[in-house]
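The values are calculated or read from the model by the stated rules, or taken from the named source; none is laboratory data. Treat the numbers as computed from the prediction; the structure is a model and nothing was measured. Every residue, glycine as well, gets a Cβ built from its backbone with ideal geometry; the counts of neighbours run over all protein chains shown.
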Number of protein chains: 2
Amino acid sequence: MPTDLPTDEWLRLADAVARLARDWLDDLDRRPIAPRTRGAEAIAALGGEAPEVGLGHAVVDRLREVLPRARAQNGRFLGYVLGSGEPAGAVADLLASVLNQNVTAWRSSPAAVTVERTVVSWLAAALGCGGFGGSLTGGGSAANLMGLAMAREGRAPAREAGRPEGVVYASEEVHMSIPKAVALLGIGTRNLRRIAVDGAQRMRVDALERALAEDVAAGRRPIAVVATAGTVATGAIDPLDAIADVAARYGAWLHVDGAYGALAALAAPDRLAGLRRADSLSVDAHKWLYQAVDCGCLLFRDAAAARRAFSDSGEYVKTGSDDAVEGFAFFDESVELSRRFRALRLWTSIQFHGLGAFRAAIARDLAHARALAARVAAEPRLELLAAGDLSAVCFRHRWPADADARNAALLRAVNARGRVYLSNAVVGGVFALRACFVNHRTTDADVEEVVQEVLAAGEGVG
Amino acid sequence: MPTDLPTDEWLRLADAVARLARDWLDDLDRRPIAPRTRGAEAIAALGGEAPEVGLGHAVVDRLREVLPRARAQNGRFLGYVLGSGEPAGAVADLLASVLNQNVTAWRSSPAAVTVERTVVSWLAAALGCGGFGGSLTGGGSAANLMGLAMAREGRAPAREAGRPEGVVYASEEVHMSIPKAVALLGIGTRNLRRIAVDGAQRMRVDALERALAEDVAAGRRPIAVVATAGTVATGAIDPLDAIADVAARYGAWLHVDGAYGALAALAAPDRLAGLRRADSLSVDAHKWLYQAVDCGCLLFRDAAAARRAFSDSGEYVKTGSDDAVEGFAFFDESVELSRRFRALRLWTSIQFHGLGAFRAAIARDLAHARALAARVAAEPRLELLAAGDLSAVCFRHRWPADADARNAALLRAVNARGRVYLSNAVVGGVFALRACFVNHRTTDADVEEVVQEVLAAGEGVG
């Protein structure tokens, strides 16, 4: 613009940015893991007004200013539940944005719709949920919202009349996106029962059954039970089969939040055999398939239930075909209308590396978590708080007093040292340091460095 | 994986994909605009099972198979409201996916949060809404959902108790995402009043006022008035100032759906002076700033209202800072938790070209629409149905009988010819061909070709 960019000029720009990205990857292991900047400094470097006249290729210098203020997700980034950003898949985003397919309906982009339906079927197969449909989402929050919207329309329809009435059940350890969805959907967080967990942070099925029985006796309608396959704090997997039995007995929809943990089924299928009992299931390829954000997914058993919740096609977007392939429209089965070609990244990444490489990487993450738990258990200055069912390890430094405050200070100190990034959790009422392995870059040496960095930082806090 | 990809190998892959993208751009104008494939053919080419063993660099050959099955958005793609995919910004997606910043909170990525808050301020300034906050979204559907969620919590709070009660008002021409949002939020589509429009498809303020008065008299609570700044069918702009006055009088939230049209303010600010009256405002940079999908945005006047609707932070994600910059978290003000670094594309694109180039391109789109309307009006075989306030032009071929069916057949024939892509609308009860100019590639010659292609296809239908 004002005329279109000549394509040789464009290739020169793409090449410069690819080299910038390569430099980032080359230095990743050496960079401070949490950037050393402050609010005012970042605004001075990256803020300001929009220029009226363009910079042209000098924009690459502006992009270079982003790097030192970004978080470096090397093998020692173990905070939250964040996939490590597999770079082969990342190149597909360049093509996706140039192609600019709007993944609304087959009619609009046969290629993009076919690729997305293909990767959805790959995810379903990986989880033992062959035959499930679904779509990619911005993340687990959107997928959980959509799963509960389907549950509401299935059990307490409110699209037309509004004022939905019924109850949702989830464990005390459920992710914050579930109360957020219950609030948005007009069900109300007062109608979310937080079911007690056992000593391993898994939902207590007896407590779930009691809550359901009480509500039904009082004339209240169960909408959905939300089981978690991988709690964010400790990676606990709720007892899926037993919960599915109870949900079925009370006619409740079963939504499984597997955003963090479901994909462990690729390496440890036995632990997650109950996934296939779900009516809807959230899973994030930007977590345990290491894809760059965003690559969430909602899977569901019955596409008609999705259409009941979401189809509201106007004249404007009628597809004009009844063919199951060519008449397909994602907007009939999801919240979004315009949709990015998110699937190209995952399709490229899986084909580049092969599914076997992902199985191996997930197995390695599980092994790293076991190794860290064992190392912590063997270290007298540290205390293991939870090792969980997956790859989250919660622990703390032992201190004779003020353990919570001191461990919070320790966490800040560890991250400020710049070598290891941990986050925190509350386990059994106490403040925990938390390392979560969903990182294809982590090495055995990185696991040992977690221990060394925590101990070294602990001396400063002590 | 199994070990990380060596960076020189990665650069080779990025280079091959960039050349593929360059080839796409080189051929864009010559490609059939709608791909010539069928369901089974596309599945055979792009579907199948996930490979257990990776293809490595041969994945580029797989990516090449995507191209002929994708829609070619050249200068004659005028369907729906879809920005043309500005390629300079597209290169930023390569870097965004390699950096893999999760744009949750400042703490997690100072660079990405600063860049997103910067482009949000650029969008607000471009619309005359300086001081508004907001965040990027997957598109207008998510932004409209969030705007109405804020309205509900502001006027009929239901997060805790559920069962929201109240009424939303929008014109008969409102986008389908509004009833979808009203349904999802538990308000119920029965409580969405569809206000009549005038002969130019703009909401009738007298009818709005009457509907509000009736509801209030009956003891019902107005939640929100939704004004549209650019209806999808004809680009009509509702009378924003007059609607704002009425909404204020009845204590209703004013949400403006400016997904299509708000950014015309960059070239024609007078038509959109009322935007700044909004409490919340949707705007899609992937429409009239030509960005690749996805780059939607919700702007709002009062961040506290956003936090009332969305903040539900668990212990897990507490930011631990009260500083207005460093304590900022997008998840407190939006539906999403994990969030892609969408802002890098827009930040790069605007700095590469300069805002002035976008003003000029939007002015050219407006001129192209006027030119097509004039050309249609002067052509005896065609009938102009609506030229609207923006860049959507609705018209049809004249036929003595069966005009709707014949124009529907004509639309299919035009698109099948592969040179021009139009979509359809219903205007005044009749089937219309619709051309919408949000395309930086369109030339004056392309506008003339629309007429020639419609007339040529019309001979086959006649």
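Does region B:420-435 hold any residues that are over 24 Å from the mean Cα position of the chain (by Cα) and buried (at least 21 other Cβ atoms within 10 Å of the Cβ), and which are they?
Once the filter is applied, which keeps residues that are over 24 Å from the mean Cα position of the chain (by Cα) and buried (at least 21 other Cβ atoms within 10 Å of the Cβ), region B:420-435 yields nothing.
Which count do you get for residues in region A:421-462 that are assigned to a strand (DSSP E or B) and either under 20 Å from A:Leu289 (Cα atoms) or of a type outside the set (S, T, N, Q) (or both)?
11
Select, from B:Arg152, B:Arg159, the only residue that is touching a Leu at 6+ places or on another chain (Cβ under 7 Å) and either closer than 30 Å to B:Leu266 by Cα or basic (Lys, Arg) (or both).
B:Arg152
Restricting attention to region A:245-303, which residues are touching an Asp or Glu at 6+ places or on another chain (Cβ under 9 Å), among the acidic types (Asp, Glu), more than 13 Å from A:Ala227 (Cβ to Cβ) and away from chain B (no Cβ under 14 Å)?
Of everything in region A:245-303, just one residue is touching an Asp or Glu at 6+ places or on another chain (Cβ under 9 Å), among the acidic types (Asp, Glu), more than 13 Å from A:Ala227 (Cβ to Cβ) and away from chain B (no Cβ under 14 Å), namely A:Asp302.
Which of the residues spanning region B:81-134 are under 25 Å from A:Ala92 (Cα atoms) and touching a Cys at 6+ places or on another chain (Cβ under 7 Å)?
B:Val81
With the requirement that a residue be of a type in the set (Asp, Glu) and surrounded by 18 or more Cβ atoms within 10 Å (Cβ to Cβ), what does region A:210-231 give you?
Correct list: A:Asp215 only.
Residue check, B:Ala387 against (1) surrounded by fewer than 17 Cβ atoms within 10 Å (Cβ to Cβ); (2) more than 8 Å from chain A (Cβ to nearest Cβ), all met but one. Which one?
If we test B:Ala387 against (1) surrounded by fewer than 17 Cβ atoms within 10 Å (Cβ to Cβ); (2) more than 8 Å from chain A (Cβ to nearest Cβ), just (1) comes out false.
Considering only region A:133-143, I want to know if a residue exists there that is touching a Ser or Thr at 6+ places or on another chain (Cβ under 6 Å) and under 30 Å from A:Arg22 (Cα atoms).
Checked region A:133-143: at least one residue is touching a Ser or Thr at 6+ places or on another chain (Cβ under 6 Å) and under 30 Å from A:Arg22 (Cα atoms).
Write out, first by first residue and then by second, each pair whose Cβ atoms fall under 8 Å of each other, whose residues are 6+ apart or on separate chains, and whose first residue, in region B:320-332, is more than 9 Å from chain A (Cβ to nearest Cβ) while the second is assigned to a helix (DSSP H, G or I) and at pLDDT 90 or above.
Qualifying pairs under 8 Å: B:Phe330/B:Val113; B:Phe330/B:Glu116; B:Asp332/B:Ala306; B:Asp332/B:Arg307; B:Asp332/B:Phe310.
Within region B:66-88, which residues are in a loop (DSSP other than H, G, I, E, B) and either over 28 Å from B:Tyr260 (Cβ atoms) or among the basic types (Lys, Arg) (or both)?
B:Arg71, B:Arg76 - these are the residues of region B:66-88 that are in a loop (DSSP other than H, G, I, E, B) and either over 28 Å from B:Tyr260 (Cβ atoms) or among the basic types (Lys, Arg) (or both).
So, of the residues in region B:178-190 that are surrounded by 24 or more Cβ atoms within 10 Å (Cβ to Cβ), in contact with a Gly (Cβ under 9 Å, 6 or more places away or on another chain) and not small (Gly, Ala, Ser), which turns out to be nearest to B:Asp389 (Cα to Cα)?
Looking at residues that are surrounded by 24 or more Cβ atoms within 10 Å (Cβ to Cβ), in contact with a Gly (Cβ under 9 Å, 6 or more places away or on another chain) and not small (Gly, Ala, Ser), I get B:Val182.
Where the second residue is at pLDDT 95 or above and the first is basic (Lys, Arg) and lies in region A:246-260, which pairs have Cβ atoms under 9 Å and are six or more apart or on separate chains?
A:Arg249/A:Glu209; A:Arg249/A:Leu212
Can you report the number of residues in region B:354-394 which are under 17 Å from B:Ala285 (Cβ atoms) and either touching a Phe, Trp or Tyr at 6+ places or on another chain (Cβ under 9 Å) or at pLDDT below 95 (or both)?
Of the residues in that region, 7 qualify.
Name the one entry in B:Tyr260, B:Tyr290 that is crowded, with 24+ Cβ neighbours inside 10 Å, touching a His at 6+ places or on another chain (Cβ under 6 Å) and at pLDDT 95 or above.
From the options B:Tyr260, B:Tyr290, the qualifying one is B:Tyr290.
Give the residues of region B:392-424 that are more than 30 Å from A:Met1 (Cα to Cα) and in contact (Cβ under 8 Å) with a residue 60 or more places away in the chain, sorted by residue number.
B:His397, B:Trp399
Select, from A:Val120, A:Val91, A:Val115, A:Val98, the only residue that is assigned to a helix (DSSP H, G or I) and surrounded by fewer than 24 Cβ atoms within 10 Å (Cβ to Cβ).
Residue meeting the stated conditions: A:Val120.
Do we have B:Arg345 as under 30 Å from B:Val91 (Cα atoms), surrounded by fewer than 24 Cβ atoms within 10 Å (Cβ to Cβ) and touching a residue at least 60 places away in the same chain (Cβ under 8 Å) here?
No, not satisfied.
Is it the case that region B:390-401 has a residue that's within 14 Å of another protein chain (Cβ to nearest Cβ) and in contact with a Cys (Cβ under 9 Å, 6 or more places away or on another chain)?
Scanning region B:390-401 turns up at least one residue that is within 14 Å of another protein chain (Cβ to nearest Cβ) and in contact with a Cys (Cβ under 9 Å, 6 or more places away or on another chain).
Exactly one of (1) in contact (Cβ under 8 Å) with a residue 40 or more places away in the chain; (2) touching a helix residue (DSSP H, G or I) at 6+ places or on another chain (Cβ under 7 Å) is unmet by B:Leu455. Its number?
(2)
Kindly provide the set of residues from region B:123-148 that are surrounded by fewer than 24 Cβ atoms within 10 Å (Cβ to Cβ), in a helix (DSSP H, G or I) and in contact (Cβ under 8 Å) with a residue 12 or more places away in the chain, ordered by number.
Those that are surrounded by fewer than 24 Cβ atoms within 10 Å (Cβ to Cβ), in a helix (DSSP H, G or I) and in contact (Cβ under 8 Å) with a residue 12 or more places away in the chain: B:Ala124, B:Ala126.
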